[in-house]
Amino acid sequence: MGQALGQIQVDQSTVAIKESFGKFDEILEPGCHFLPWCIGKQIAGYLSLRVQQLDVRCETKTKDNVFVNVVASVQFRALADKASDAFYRLSNTREQIQSYVFDVIRASVPKMNLDDAFEQKNEIAKAVEDELEKAMSMYGYEIVQTLIVDIEPDEHVKRAMNEINAGKLHILVMFSNHSILDIKAARMRLAANEKAEAEKILQIKRAEGDAESKYLSGLGIARQRQAIVDGLRDSVLAFSENVPGTSARDVMDMVLVTQYFDTMKDIGASSKSSSVFIPHGPGAVRDIAAQIRDGQLQAGML
């Protein structure tokens, strides 16, 4: 009824394109307007001034020959003072923006390695935004913001990257794309080198620990033997002083016999002992003591 009476309503954040006999006349802002259609006035269309978003997925390859899918999100809007350019000069705004995004991404990403592309997402987004801003401003559009929301490498490359992070090396099936094999092999070599370096450090630390353990064990044995010698000397001197008529030789024989029986007692008390004491008679102790004394005398004479 309103249009029949020559009245139209333009909603908020929208402008209407008014024509007179097919020629652009003016931009109608939100509100109610009189449109005398009987004298050739008509509405050619409406243009939204709201911020719109376009997600663009672009496939390209990096400097190290890894194919990736780069997902860019472009936020744009039409300018009210250039609404006629935005309405008349472009037939498909989204396709136009998408073409510029493809052009910039495919010119920027091939100059970077895969790791650099992840680290320089903001630089890629800035390059896309600057190029779009220059191109779309002449068509009455403003680029509000451009984001690189995702960089997706080939599935085989992602699997190889995960193997490096997890420290696992697997032999994978050969692929027809030699560029994928090259980056994958490089990453697996890096993982192998890191694993070998870690094992080298563990072996060095293990050897250092073993050397330190043996050194401390040697100190303990030396101190134990010194304590035994000191104890035997004190025992011989005390026994000789308290028991008249005994010599140091008699005391040593008694000490050796006592240690012999203590040793036999310990061996018999252990159910899992695998020690064999040959010869096992008590008289063997005297023979051992005699051999020790003879050896000491011969060493003294030399």
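The values are calculated or read from the model by the stated rules, or taken from the named source; none is laboratory data. Remember, predicted model here, so these are calculated numbers, not experimental data. Positions of Cβ are backbone-derived with ideal geometry, glycine not excepted, and every protein chain shown enters the neighbour counts. Side chains are part of the model used for accessible areas, which takes the heavy atoms of the whole protein and leaves out ligands, DNA and RNA. Shrake-Rupley method; radii C 1.70, N 1.55, O 1.52, S 1.80 Å.
In this Cβ point-charge picture (+1 for Lys and Arg, -1 for Asp and Glu), region 7-48 has a dipole of about 120 debye about its Cα centre.
Setting aside same-chain residues fewer than 8 positions from K18, which lysines have a Cα under 20 Å from its Cα? Straight-distance partners of K18: K41, K82. The slack between F21 and Q42, meaning 0.36 nm per residue of separation minus the straight C-alpha distance, is 6.8 nm. Ranked from largest to smallest solvent-accessible area, with a 1.4 Å probe on the protein heavy atoms, Y215, Y139 come out as Y215, Y139. Look at the alpha carbon pairs under 8 Å that are at least 6 residues apart: their mean separation over the length of region 7-48 gives a relative contact order of 48 percent.
Within region 78-159, the trypsin sites (Lys or Arg not before Pro) that combine a DSSP coil assignment with at most 16 other C-beta atoms in a 10 angstrom radius are R89. Of the residues M138, M188, ranked by 1.4 Å probe accessible area with the largest first, the sequence reads M138, M188. Only aspartates and glutamates eight or more places from K158 in sequence, or on another chain, were considered; those with a Cα closer than 14 Å are D115, D150, D182. Using heavy atoms of the protein chains and a probe of 1.4 Å, the accessible area assigned to E29 is about 120 Å². What FRET efficiency, computed as 1/(1 + (r/R0)^6) with R0 = 35 Å and r the Cβ-Cβ distance, is obtained for A107 and A185, rounded to the nearest 0.05? Computed FRET efficiency for A107 and A185 comes out at 0.80.
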